[in-house]
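Below is one structure, written out as structure tokens, with a few remarks after it.
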Ligand SMILES: C[S@@+](CC[C@H](N)C(=O)[O-])C[C@H]1O[C@@H](n2cnc3c(N)ncnc32)[C@H](O)[C@@H]1O
């Protein structure tokens, strides 16, 4: 087993954030929680293979399945895996950390090993364990299908408790270190212009020959 350090999410209390029950209540009251899923859907071919990383209480996984995609959600916080199951019965999030992902672990869980789109939205990247951002990006890059892309979103200021500040320049450097490139930066999931509060990133492999299944 790889070394999996505790995430900022776990160290800052995980479920104690109140995120799970808050979103479950929004879903129950019929509020729109699908903004991220709508953009992810627009970025994807029909019936795409999509990996939802840090799926939380499952809203993005569920929203994308409702749009006809083949979605695997992974979530290391056991409380959220249970919360997801109670809000979306049968959702079956895999109890995995992003750093555990590989062809072997995915195959062992009966999941695809290459994806048209990898989604990590709702501040996942500012809640990873310290100093693991490049490792997470590199891990996810290895799971992209040829032409596959990544959708990542996080607060630049006023993030949730326990989160880090991740300046855009540093994120762009880490993206390049992981062999990825920025195709687009926007300020919201409705693609408002880039701003100082929130960043939505669309990434792809800098060298497509290195993608899963890529090459000759
Ligand atoms: C604020 S929640 C957002 C959940 C979901 N993406 C959403 O938008 O509703 C942040 C999530 O990041 C996840 N996370 C933090 N570190 C992680 C890691 N190393 N691997 C996978 N998920 C992680 C947490 O477990 C938590 O579910």
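Within the chain, what percent of beta bridges assigned by DSSP are antiparallel, to the nearest 5? If you can, show how the numbers build up before the last one.
Values: 13 of 27 bridges.
Of those bridges, close to 50 percent are antiparallel.
Could you tell me whether the stretch 1-106 comes out rounded, prolate or oblate from its Cα gyration tensor? Rule is a ≥ b ≥ c as square roots of the eigenvalues, rounded for a/c under 1.5, then prolate if a/b exceeds b/c, otherwise oblate. Walk me through the intermediate numbers first.
On the way: a/c = 1.98, a/b = 1.12, b/c = 1.76.
In terms of gyration-tensor shape, oblate.
Using only DSSP helix segments of four residues or longer, with each worth -39500 (n - 2.57), what per-residue ellipticity at 222 nm results for the chain after dividing by its residue count and rounding to 500? Can you show the working numbers first?
Numbers: 8 runs with 64 residues, N = 216.
For the chain, the value works out to -8000 deg cm²/dmol.
Contact order normalised by length for the chain, with contacts defined as Cα pairs under 8 Å and 6 or more residues apart; what percent is it?
Working: 418 pairs, mean separation 41.5, N = 216.
Relative contact order here is 19 percent.
By count of other Cβ within 10 Å, fewest leading, how are 155, 69 ordered? Could the numbers behind the result be given before it?
Numbers: 155 16, 69 22.
Final ranking by Cβ density, sparse to dense: 155, 69.
May I ask for the percentage of alpha-carbon pairs in the chain that lie more than 28 Å from each other?
Details: 4764 of 23220 pairs.
In whole percent, the long-distance tail amounts to 21.
Among 151, 26, which comes first, then next, by fewest other beta-carbon atoms within 10 Å?
The most exposed by this proxy come first: 26, 151.
For a Förster distance of 25 Å, can you work out the FRET efficiency between the beta-carbons of residue 32 and residue 79, rounded to the nearest 0.05?
Numbers: r = 24 Å, r/R0 = 0.98.
Plugging the Cβ-Cβ distance into 1/(1 + (r/R0)^6) gives 0.55.
Stokes-Einstein at 4 °C, 1.567 mPa s, Kirkwood radius from Cα pairs: D for the stretch 86-141 in µm² s⁻¹?
This corresponds to a translational diffusion coefficient of 101 µm²/s.
Could you let me know the centre-to-centre spacing of the stretch 101-119 and the stretch 122-149, using Cα atoms, in angstrom?
13
When the scattering of the stretch 104-216 is computed by the Debye formula from its Cα atoms alone, each counted once and equally, what is log10 I(q)/I(0) at q = 0.22 Å⁻¹?
Here log10 of I(q) over I(0) equals -1.24.
Rank the residues 124, 27 as a footprinting-exposure proxy: fewest other Cβ atoms within 10 Å of their Cβ go first.
Details: 124 23, 27 17.
So the ranking, lowest neighbour count to highest, is 27, 124.
Could you give the length gained on full extension between residue 22 and residue 103, defined as 0.36 nm per residue of separation minus the Cα-Cα distance, in nm?
Working: separation 81, 0.36 × 81 = 29.16 nm, distance 3.37 nm.
Between residue 22 and residue 103, full extension yields 25.8 nm more.
Throughout, read-outs are computed from the coordinates displayed, never taken from laboratory work. Owing to the predicted nature of the structure, the values given are computational and were not obtained by experimental measurement. In this analysis, Cβ positions are derived from the backbone assuming ideal geometry, glycine residues included, and neighbour counts consider all displayed protein chains.
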